[in-house]
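The values are calculated or read from the model by the stated rules, or taken from the named source; none is laboratory data. Worth saying up front: this structure is predicted, and the values here are computed from it rather than measured. For neighbour counting, all protein chains shown are included, and Cβ atoms are generated from backbone atoms with ideal geometry for every residue, glycine included. Note: areas computed on protein heavy atoms with side chains; ligands, DNA, RNA excluded. Shrake-Rupley method; radii C 1.70, N 1.55, O 1.52, S 1.80 Å.
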Amino acid sequence: MISSTDLGKLALIEWLDAKEVEYGWHTKDTIKKTDSPKILSVGWIAELNEKEVKISADIPLDKDDDEAGRSMTIPVGCIQKVIFWDGSYVWNI
């Protein structure tokens, strides 16, 4: 489980994204064959709670600068694996 001690750590997060079946009508077989794509995202853990993990890919070196870039929110239920830069990892958050 990711905890508050992981804030500020650089992490690679493997997660499942939603995928829409192409427009129009589809057979049940086509729908069953549509899988959620696995996504890899890398960033510094900016915030986390029981619902989501927020990461930022770009952070300033100046500790007084509180802005970050290329930030995203990943729902905890979508996360498959987290690997921290130091090599430690967490499964099934």
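For Ala18 and Ala46, FRET efficiency with R0 = 22 Å and r from the beta-carbon atoms, rounded to 0.05?
Taking R0 as 22 Å, the efficiency between Ala46 and Ala18 is 0.45.
Taking all protein chains in place and a 1.4 Å probe, what share, in percent, of the accessible surface of the chain do carbon and sulfur account for?
So the carbon and sulfur contribution to the accessible surface is 53 percent.
If you put +1 on each Lys and Arg Cβ and -1 on each Asp and Glu Cβ, how big is the dipole of the chain around its Cα centre, in Debye rounded to 20?
Here the size comes out at about 600 debye.
Once all Cα-Cα distances of region 1-45 are split into 5 Å bins that start at 0, what whole-number percent is in each one?
Calculated P(r), rounded to whole percents: 5, 17, 17, 16, 11, 9, 8, 9, 7, 1.
Counting only other residues whose beta carbon sits under 13 Å from that of Ala68, what net charge do I get with K and R as +1, D and E as -1?
-3
Looking at region 1-42, which trypsin sites (Lys or Arg not before Pro) are in a loop (DSSP not H, G, I, E or B) and have at most 13 other Cβ atoms within 10 Å?
Answer in residue order: Lys19.
Taking only the alpha carbons of the chain, what extent do you get along each of the three principal axes, in Å, biggest first?
Answer, in whole Å and largest first: 55, 25, 22 Å.
For the chain, with the dipole built from +1 on Lys and Arg beta-carbon atoms and -1 on Asp and Glu ones, taken about the Cα centre, which of Leu16, Ala46, Pro75 lies farthest toward the positive end?
Leu16
Please report the relative contact order for the chain, taking Cα pairs under 8 Å with a sequence separation of at least 6, and give it as a percent rounded to a whole number. Please list the in-between numbers first.
Details: 166 pairs, mean separation 30.7, N = 93.
In percent, rounded to a whole number, it is 33.
Please identify every one of the chymotrypsin sites (Phe, Trp or Tyr not before Pro) in region 1-85 that sits in a loop by DSSP and has no more than 15 other beta carbons within 10 Å of its own beta carbon.
Those satisfying the criteria are Tyr23, Trp25, Trp85.
Taking the dipole about the Cα centre of the chain, with the C-beta of Lys and Arg at +1 and of Asp and Glu at -1, give me whichever of Trp25, Phe84, Pro60 is farthest to the positive side.
Most positive-ward Cα: Trp25.
Taking loop as defined by DSSP and a crowding limit of 14 other beta carbons within 10 Å, which GluC sites (Glu not before Pro) in region 49-86 fit?
Glu50, Glu67
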